[in-house]
Amino acid sequence: MKVKPTTLTTMVLVVLLLGKTLRLPVALLIVTGHSMEPTLEPLDLLLAVSPSLKEPEPRDIVVWCTDSLRLHCTVHRLLEINETTIVTKGDNDKTNPAPDPPVPRTMLVYVVAARIPRLAAAAAVVALLALYKTCKTIVRHKRR
(Lines give C-alpha, C1' and ligand atoms only; values in the text may rest on other atoms or scores of the structure.)
Protein backbone atom coordinates (compact mmCIF):
# COMPACT_ATOMS: atom_id res chain seq x y z
CA MET A 1 0.00 0.00 0.00
CA LYS A 2 1.41 3.34 -1.03
CA VAL A 3 0.97 6.22 1.42
CA LYS A 4 0.31 9.67 -0.03
CA PRO A 5 2.64 12.47 1.13
CA THR A 6 -0.33 14.42 2.55
CA THR A 7 -1.43 11.38 4.55
CA LEU A 8 2.08 10.87 5.89
CA THR A 9 2.33 14.54 6.84
CA THR A 10 -1.00 14.35 8.62
CA MET A 11 0.04 11.23 10.52
CA VAL A 12 3.23 12.96 11.66
CA LEU A 13 1.17 15.96 12.83
CA VAL A 14 -1.14 13.68 14.82
CA VAL A 15 1.81 11.97 16.53
CA LEU A 16 3.40 15.33 17.33
CA LEU A 17 0.11 16.63 18.75
CA LEU A 18 0.02 13.56 21.00
CA GLY A 19 3.72 13.98 21.80
CA LYS A 20 3.18 15.72 25.13
CA THR A 21 0.83 13.01 26.39
CA LEU A 22 3.03 10.23 25.01
CA ARG A 23 6.12 11.89 26.57
CA LEU A 24 7.92 12.09 23.24
CA PRO A 25 11.06 14.25 23.06
CA VAL A 26 9.38 16.44 20.43
CA ALA A 27 5.80 17.68 20.55
CA LEU A 28 3.44 20.07 18.83
CA LEU A 29 1.42 22.16 21.30
CA ILE A 30 -1.55 24.48 20.81
CA VAL A 31 -1.60 27.84 22.60
CA THR A 32 -4.94 28.25 24.40
CA GLY A 33 -4.47 31.29 26.65
CA HIS A 34 -3.54 34.95 26.52
CA SER A 35 -0.70 35.05 29.08
CA MET A 36 2.04 35.15 26.42
CA GLU A 37 0.51 37.80 24.15
CA PRO A 38 1.76 39.45 22.00
CA THR A 39 4.58 36.89 21.58
CA LEU A 40 2.18 33.94 21.29
CA GLU A 41 -1.47 34.14 20.28
CA PRO A 42 -4.28 31.67 20.98
CA LEU A 43 -4.29 28.82 18.44
CA ASP A 44 -0.61 29.27 17.55
CA LEU A 45 1.21 25.96 17.32
CA LEU A 46 4.48 25.45 19.17
CA LEU A 47 7.16 22.98 18.23
CA ALA A 48 8.67 22.00 21.56
CA VAL A 49 11.64 19.81 22.43
CA SER A 50 12.72 18.05 25.58
CA PRO A 51 15.20 19.86 27.84
CA SER A 52 17.51 16.90 27.19
CA LEU A 53 17.67 18.00 23.51
CA LYS A 54 17.94 21.76 24.13
CA GLU A 55 19.32 23.06 27.41
CA PRO A 56 16.88 25.72 28.67
CA GLU A 57 18.30 29.20 29.20
CA PRO A 58 16.80 32.38 30.64
CA ARG A 59 14.60 34.15 28.04
CA ASP A 60 13.58 30.82 26.42
CA ILE A 61 9.89 30.01 26.31
CA VAL A 62 9.35 26.79 28.24
CA VAL A 63 6.54 24.40 29.13
CA TRP A 64 6.08 23.10 32.65
CA CYS A 65 3.31 20.83 33.90
CA THR A 66 1.86 20.38 37.36
CA ASP A 67 0.55 16.84 36.88
CA SER A 68 2.07 13.56 35.77
CA LEU A 69 -0.39 13.21 32.87
CA ARG A 70 0.76 16.58 31.50
CA LEU A 71 -2.79 17.87 31.25
CA HIS A 72 -2.22 21.07 33.25
CA CYS A 73 0.70 22.87 31.64
CA THR A 74 1.96 26.43 31.48
CA VAL A 75 3.83 28.02 28.59
CA HIS A 76 5.83 31.00 29.89
CA ARG A 77 9.18 32.70 29.49
CA LEU A 78 12.01 31.35 31.64
CA LEU A 79 13.45 34.00 33.95
CA GLU A 80 15.63 31.95 36.29
CA ILE A 81 16.86 28.38 36.39
CA ASN A 82 19.02 26.55 38.90
CA GLU A 83 19.64 22.94 39.96
CA THR A 84 16.27 22.55 41.69
CA THR A 85 13.79 25.23 40.55
CA ILE A 86 12.68 27.42 37.66
CA VAL A 87 10.94 30.80 37.68
CA THR A 88 8.81 31.83 34.70
CA LYS A 89 6.51 34.68 33.70
CA GLY A 90 3.99 35.29 30.97
CA ASP A 91 4.85 38.10 28.53
CA ASN A 92 1.42 39.73 28.95
CA ASP A 93 1.90 42.17 31.84
CA LYS A 94 -1.87 42.69 32.12
CA THR A 95 -2.55 39.04 32.93
CA ASN A 96 0.83 38.32 34.52
CA PRO A 97 2.14 41.40 36.35
CA ALA A 98 4.53 39.34 38.50
CA PRO A 99 6.66 36.22 37.96
CA ASP A 100 5.14 32.83 38.71
CA PRO A 101 6.15 31.23 42.02
CA PRO A 102 9.21 28.94 41.67
CA VAL A 103 8.39 25.40 40.58
CA PRO A 104 10.57 22.29 40.77
CA ARG A 105 12.84 21.89 37.75
CA THR A 106 11.43 18.37 37.34
CA MET A 107 8.16 19.97 36.15
CA LEU A 108 9.96 21.45 33.11
CA VAL A 109 8.96 19.25 30.18
CA TYR A 110 9.73 21.23 27.01
CA VAL A 111 11.63 24.16 25.56
CA VAL A 112 9.84 25.89 22.69
CA ALA A 113 11.91 25.64 19.52
CA ALA A 114 9.52 27.30 17.03
CA ARG A 115 6.18 29.07 16.73
CA ILE A 116 3.75 28.33 13.93
CA PRO A 117 1.25 31.21 13.60
CA ARG A 118 -2.42 30.32 13.90
CA LEU A 119 -3.06 30.82 10.18
CA ALA A 120 -0.57 28.08 9.43
CA ALA A 121 -2.15 26.05 12.21
CA ALA A 122 -5.43 26.19 10.29
CA ALA A 123 -3.68 24.33 7.49
CA ALA A 124 -2.80 21.60 9.99
CA VAL A 125 -6.48 21.23 10.86
CA VAL A 126 -7.31 20.85 7.18
CA ALA A 127 -4.62 18.16 6.95
CA LEU A 128 -6.15 16.32 9.93
CA LEU A 129 -9.55 16.40 8.25
CA ALA A 130 -7.97 15.01 5.09
CA LEU A 131 -6.46 12.16 7.13
CA TYR A 132 -9.84 11.39 8.64
CA LYS A 133 -11.40 11.22 5.18
CA THR A 134 -8.56 9.00 3.91
CA CYS A 135 -8.86 6.61 6.87
CA LYS A 136 -12.61 6.42 6.44
CA THR A 137 -12.16 5.55 2.74
CA ILE A 138 -9.57 2.85 3.55
CA VAL A 139 -11.89 1.26 6.11
CA ARG A 140 -14.76 1.22 3.60
CA HIS A 141 -12.55 -0.45 0.96
CA LYS A 142 -11.33 -3.11 3.42
CA ARG A 143 -14.91 -4.02 4.35
CA ARG A 144 -15.72 -4.88 0.71
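The values are calculated or read from the model by the stated rules, or taken from the named source; none is laboratory data. Remember, predicted model here, so these are calculated numbers, not experimental data. Cβ sites come from the backbone with ideal geometry, for glycine too, and all protein chains shown count toward neighbours.
Say whether the condition of being free of Cβ contacts under 8 Å to residues at least 60 places away in the same chain, more than 18 Å from L128 (Cβ to Cβ) and in contact with a Leu (Cβ under 9 Å, 6 or more places away or on another chain) is met by at least one residue in the stretch 34-50. No, because not a single residue in the stretch 34-50 is free of Cβ contacts under 8 Å to residues at least 60 places away in the same chain, more than 18 Å from L128 (Cβ to Cβ) and in contact with a Leu (Cβ under 9 Å, 6 or more places away or on another chain).
Residues satisfying the criterion are present in the stretch 47-57 (criterion: more than 28 Å from V14 (Cα to Cα) and modelled with pLDDT of 95 or more). Among the residues of the stretch 38-58, those that are surrounded by fewer than 17 Cβ atoms within 10 Å (Cβ to Cβ), of a type outside the set (S, T, Y) and under 29 Å from E83 (Cα atoms) comprise L47, L53, K54, E55, E57, P58.
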